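Below is one structure, written out as structure tokens; comments come after it.
Where a number appears in this text, it was derived from the coordinates with a stated rule and is not lab data. Worth saying up front: this structure is predicted, and the values here are computed from it rather than measured. We place every Cβ from the backbone using ideal geometry, glycine too, and count neighbours over all the protein chains shown.
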Amino acid sequence: MSKKNFIVTGGYGFIGSCLIKELLKDKNISVCNIDKLSYSSSEESINELDYKNYSFERIDITETQKIKKIIQEFKPDGIFNLAAETHVDRSIDSPEAFIQSNINGTFVMLNESYKYWRLLPEIKRDNFRFIQVSTDEVYGSLKDYETPFNEESPYKPNSPYSASKAASDHLVRSWVKTYSFPAIITNTCNNYGPWQFPEKLIPLVISKCLKGEKIPVYGSGLQIRDWIRVEDHVSGLIKVFDNGTLGEKYNIGAMSELKNIEVIHFICDILDQLEPEGYPYRDLIEFVDDRPGHDHRYGIDNSKIKSLGWDPAFSWENGLIDVIEWYLKNKNFLVSKGENIYSGERLGKL
């Protein structure tokens, strides 16, 4: 098998680091990780292992000349663009960073990748792929009775975060249509797994329980989210790169919709068994005022990517129990990252 070079942006993020580790299982693959090292980056997620075909460049994807230079020097056969600001509450209080990273950064990655791609030899040009990794939140909110979103669902983003991701998706689509650029867009649901920064729901609940702190839950906690284990998302990204149709979109989800309060209850009950404290962890739950513009339900239809021969490997229950056990074995990660949990107007709420 011939050697392949991949650039992964945001590679010290939760999903990006998992993708890099999966790619590097193939000894014929080299990966360059481009990451600006933000508050949520976890260098230890990759640096714990010794990779000979791995390199890291500390670059913000909005830095045009630096991006141009590394693309020209590394000569990628494919690019996975995962670098993004992703925390909805941060986007509500400070939207500027989301516009800069998710829109302007995507433009830089697209434009410099396009300029590199169009000058490639024909064979390499035909095999090049740009994968834009996006979110189900671009589709907006579903009512309880509505069918899950598919790839033809209209975009109706309701937060600065989801609007910035919708804009980046539209940029990618326009490069496909205008320049015949070989890009594919993927939209995923809520990911969970090891190494997730503890301001996201699952590790945050675990952290609150272990510290005996109140678990602040937005509104009634009846908001519904679709959940996928991060390793399943990553296998879907690789499947799309290998077998996806250029210019298409693919929803990568596990069809596992749960109410937020159900997820929180599940975590509390498992911790009651694995790390008993003398009181039920559910007693820590505290309902607070709802988030502005809070979407009620996300759900995505994954039948299109399943037609490529992909299926999620993790069931919800087994996948979550495994993750809870991982965090219990890696409490230092929760502690070390905990000081960077969002401390703005919507402090650590779920």
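Highest-first packing order for the peptide set 153-159, 283-289, 198-204 is 198-204, 153-159, 283-289, based on the mean count of other beta carbon atoms within 10 Å. List, in the order given, every pair from LYS75/LYS337; LYS52/LYS239; LYS143/LYS304 whose Cα-Cα distance in the structure shown is over 27 Å. Long pairs (Cα-Cα over 27 Å): LYS75/LYS337. Quick check: pseudo-label points 7 Å beyond the Cα along Cα→Cβ at HIS170 and LEU49, how many nm apart are they? The two pseudo-label positions are separated by 3.9 nm. For segment 232-330, rounded, prolate or oblate, judged on the Cα gyration tensor with a ≥ b ≥ c (square roots of eigenvalues), a/c < 1.5 rounded, else prolate if a/b > b/c? Cα axes put segment 232-330 in the oblate bin. Compared with the dominant Cα axis of the chain, that is its longest principal axis, helix 64-74 is turned about 70°. Relative contact order of the chain, taken over Cα pairs closer than 8 Å and 6 or more residues apart, is 18 percent. Across segment 233-327, Cα pairs under 8 Å and at least six residues apart give a relative contact order of 46 percent. For segment 183-295, the relative contact order comes to 40 percent (Cα pairs under 8 Å, sequence separation of at least 6).
Compared with the dominant Cα axis of the chain, that is its longest principal axis, helix 14-23 is turned about 50°.
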